[in-house]
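Take a look at the structure set out below.
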Amino acid sequence: MNEHNGKPQKKTGRRPKTDPAKIRYTISFNEMEHSRFLELFDESGMKVKAHFITSCIFEKTIKTIKVDKGTVDFYMRLTSFHSQFRTVGVNYNQIVKILYHNFSEKKAASLLYKLEKNTVKLVDIFKKVMQLTEEFDQKHLKNQE
């Protein structure tokens, strides 16, 4: 073992880096420069400001990602709605089978007529949702490209 100040060096803890960064620089910003720096840092998506500054100095590529939370939320809700709509379709098939299995044909036909009227309303709602989705897509997503 190596002697270090008269004491044997332990083999626990972090391994020392081969090329540690020991040289430091400081920089001072006024309020406008600081707000601009924070804006650029947020757009970069990096988590460490020192890494961001280093990449800016040495002209490394900086990724800028803009996420529209409203659009993400809209598509999450649309996906949820679509899955609920599919669930209604599965339940519809099960109800039709149960109606003809458990009721007389006349009673099943009258209940099925009511179910069909509500299904037509549901189809109209889904058409409106599709229309609103297309309008949203044209207004908000096509402008970003």
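Things worth noting here:
- Per-region count, region 8-37, residues assigned to a helix (DSSP H, G or I) and in contact with a Lys or Arg (Cβ under 9 Å, 6 or more places away or on another chain): 1
- Residue within region 109-132 that is small (Gly, Ala, Ser) and open to solvent by 60 Å² or more (accessible area, probe 1.4 Å) present: no
- In region 34-45, the residues that are under 17 Å from residue 68 (Cα atoms) and open to solvent by less than 50 Å² (accessible area, probe 1.4 Å) form Cβ pairs under 8 Å with partners that are of a type in the set (A, V, I, L, M, F, W, C) and assigned to a helix (DSSP H, G or I), at six or more places apart or across chains, as follows: 44/52.
The values are calculated or read from the model by the stated rules, or taken from the named source; none is laboratory data. None of these values were measured; they are calculated from a predicted model. Quick reminder, even Gly has a Cβ in these numbers, built from the backbone with ideal geometry, and neighbours come from all protein chains shown. Please note that ligands, DNA and RNA were not included when accessible areas were found on the heavy atoms of the full protein model with its side chains. Shrake-Rupley method; radii C 1.70, N 1.55, O 1.52, S 1.80 Å.
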